[in-house]
1. Which value, in debye to the nearest 20, gives the size of the charge dipole of the chain about its Cα centre, when Lys and Arg are +1 and Asp and Glu are -1 at the Cβ?
2. On a 0 to 90° scale, report how tilted helix 117-153 is relative to the longest principal axis of the chain, with both axes built from alpha carbons and the result rounded to the nearest 10.
3. Lys/Arg Cβ at +1, Asp/Glu Cβ at -1, dipole of the stretch 8-153 taken about the Cα centre: which of I61, H117, L103 is farthest positive-ward?
4. Just to check I understand the Karplus step: with θ = phi - 60° and J = 6.51 cos²θ - 1.76 cosθ + 1.60, what whole-Hz values come out for the stretch 76-93, glycine and proline as x?
5. So what is the relative contact order of the chain, in percent, for Cα pairs below 8 Å that sit 6 or more residues apart?
6. Using just the helices of the chain, give the 222 nm mean residue ellipticity in deg cm²/dmol: DSSP H runs with n ≥ 4 each add -39,500 (n - 2.57), and the total is spread over all residues, rounded to 500.
7. If you project the alpha carbons of the chain onto their three principal axes, what span does each projection cover, largest first, in Å?
8. What net charge is computed for the residues neighbouring L34, neighbours being all others with C-beta under 12 Å from the C-beta of L34, Lys and Arg scored +1, Asp and Glu -1?
Amino acid sequence: MAAAATDQTVLAYLGRALSLELSAVQMYSTQARLVATWGLDAAARRLRDEAHEEMQHVERIIGRMLALGAAPNASLLRPVRLGSDLLSLLQVGFAFEKEVVRLYRGAVEHGARTGSHDDRVFFQTLLEEEEAHASELVQWMRQVDKDAGQMRQRGCG
């Protein structure tokens, strides 16, 4: 289905990205459900929003693959890793986001090396969004850690 002129490395990046983004949807949806059972409704809403944002990435990647004449195919979804508290869940999410960022950096570099402006711009946009997301997770982890520290100081936990 892919046109002969389509860069196979770009298709490989897109396939890997699709697998990781679908894994992220699964991870954040599962985490949202778990923290909801813990009574952390605000965190559950935020994690559901994260899953929705990742699903938007999935849709864009599928659109790009179709535009390049390739049939979307996520080859492998990651098993969901959980944690015993919100901070550990966020740490899992952050580690996952770092992997996605590395993938998109490589894809951007490939687009720059090959002179493919469209591919470079496509992956650069995703890279910037994932870097912003990783930064937001760091801020959230710091806040959760700070709140937990304050609870410990008060003898509440």
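1. Roughly 440 debye, rounded to the nearest 20.
2. 10 degrees
3. Of the listed residues, the answer is L103.
4. Running phi through 6.51 cos²θ - 1.76 cosθ + 1.60 with θ = phi - 60° gives 7, 8, 6, x, 6, 9, 10, x, 8, 7, 4, 4, 5, 5, 5, 5, 4, x Hz.
5. 24 percent
6. Result for the chain, helices only: -28500 deg cm²/dmol.
7. In descending order, the Cα extents are 65, 26, 19 Å.
8. Within the 12 Å Cβ shell, the charges total +2.
Coordinate-derived values only; no laboratory data. Quantities reported herein were computed from a predicted structural model and do not represent experimental measurements. Please note: Cβ atoms are built from the backbone with ideal geometry, for glycine as well, and neighbour counts cover all protein chains shown.
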